[in-house]
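Take a look at the structure below.
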Amino acid sequence: MKILNLNSPNFDKRPDNSSIDTLIIHHTNMQDADSALKRLCSPEYTVSSHYLIDKHGVIYQLVPDHLRAWHAGISSWRGKEMVNNFSIGIELDNQGAEPFPPQQIDSLIALSKELITKHPIEARNIIAHYDIAPHRKDDPNHFFNWELLASEGIGIFPNINNTAEQKVLSNLVCEDIIKIQHKLKTFGYDINLTGEFDFQTARVIIAFKRHFCSSSFLTNNQELWTLEAEKKLNHLMSMINEES
Ligand SMILES: [Zn+2]
């Protein structure tokens, strides 16, 4: 695997005793890879990532793994805030609403396989920017195929097919909603157990469905809790219980 090195000035030291245990996937939401690389390497913008993969599958390294790149912003996963401290960030060149070409995904798979052998990154910690900042982020877009990645041993994905089950679970009472919120929190999302489908819950549900129900993501109201989402979340719960 060939990696081209560029030097972004946008980094600092990771906190002492922090190990790299999380991998965050982004899309650039920019015109092309050149403009994204320029921005990520410019001191004017205090942003960066460890890697960027262009649409041809060329991998650029902008910040060495052991240093802290600035890709996550205000964020939280599994109760830990400031995800930049303990993660590696990979940007995928993408204008925001377009599919990811196979050669780009092939390179991402190869790079991710290498990173999970180098660092103690658990499958359930290979996640999207929107998973760690659901209230403000939407990347990578719903074309990103997490199921394909999981079939390559990268990340976790429920092994059930429920795409036909678009039934919305309505009439849920406070206790039901708390149960859903509790499971989402156990999985890793930053969510308060309010017993209401409030704004923070809507944003986490949208993140969860963009990640795990992506093939049906556009077919109904994204913040509504569906039977597909319910079954997939329950399956994920059993998968992480088996792990621990
Ligand atoms: Zn991002």
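Using a 1.4 Å probe on the protein heavy atoms only, what accessible surface does ARG68 show? Give it in Å² to the nearest 10.
Here the residue's solvent-accessible area equals roughly 40 Å².
With n ≥ 4 as the cut-off for DSSP H runs, can you work out [θ] at 222 nm for the chain, using -39500 (n - 2.57) per run divided by the number of residues, rounded to the nearest 500?
Helix contribution divided over all residues of the chain: -10000 deg cm²/dmol.
Taking a ≥ b ≥ c as the square roots of the eigenvalues of the Cα gyration tensor of the chain, is the shape rounded (a/c under 1.5), prolate (a/b larger than b/c) or oblate?
prolate
For the chain, which DSSP H helices look membrane-span-like by this rule: Cα extent along the axis of 18 Å or more and mean Kyte-Doolittle of at least -0.5?
102-118, 174-187, 199-212
Full extension from ILE74 to GLU242: what is 0.36 nm times the residue separation minus their Cα-Cα distance, to one decimal in nm?
So the extension gain works out to 57.4 nm.
Which of the GluC sites (Glu not before Pro) across the stretch 141-201 are loop residues per DSSP, with 15 or fewer other Cβ within 10 Å?
When the GluC sites (Glu not before Pro) of the stretch 141-201 are filtered for loop state and at most 15 Cβ neighbours within 10 Å, GLU152, GLU196 remain.
Counting pairs of alpha carbon atoms under 8 Å apart in space and at least six apart in sequence, what relative contact order in percent does the stretch 174-243 give?
It rounds to 28 percent for the stretch 174-243.
7 Å from Cα along Cα→Cβ at both LYS231 and GLU165: what's the point-to-point distance in nm?
If labels sit at LYS231 and GLU165, their model points lie 0.3 nm apart.
Once you list every other residue whose beta carbon is under 11 Å from the beta carbon of ILE24, what net charge do they have if Lys and Arg are +1 and Asp and Glu are -1?
-2
Please give me the summed charge of the neighbours of ILE177: other residues whose Cβ is under 10 Å from its Cβ, Lys and Arg +1, Asp and Glu -1.
Local net charge: -3.
Please give the contour-minus-distance gain from ASP198 to ASN145: 0.36 nm per residue of separation, less the Cα-Cα distance, rounded to one decimal in nm.
Extra length from ASP198 to ASN145 when fully extended: 16.3 nm.
Which entries in LYS209/LYS231; LYS185/LYS231; LYS55/LYS113; LYS2/LYS80; LYS55/LYS232 show an alpha-carbon gap greater than 23 Å?
The answer is LYS2/LYS80; LYS55/LYS232.
What do you reckon, how do PHE11, PHE144 stack up by accessible area (1.4 Å probe), largest on top?
PHE11, PHE144
The values are calculated or read from the model by the stated rules, or taken from the named source; none is laboratory data. Note that the coordinates shown come from a computational prediction; the quantities given were computed from them, not determined experimentally. So basically every Cβ, Gly included, is an ideal-geometry build from the backbone, and we count neighbours across all protein chains shown. The accessibility values were calculated without ligands, DNA or RNA, using every heavy atom of the protein model including side chains. Shrake-Rupley method; radii C 1.70, N 1.55, O 1.52, S 1.80 Å.
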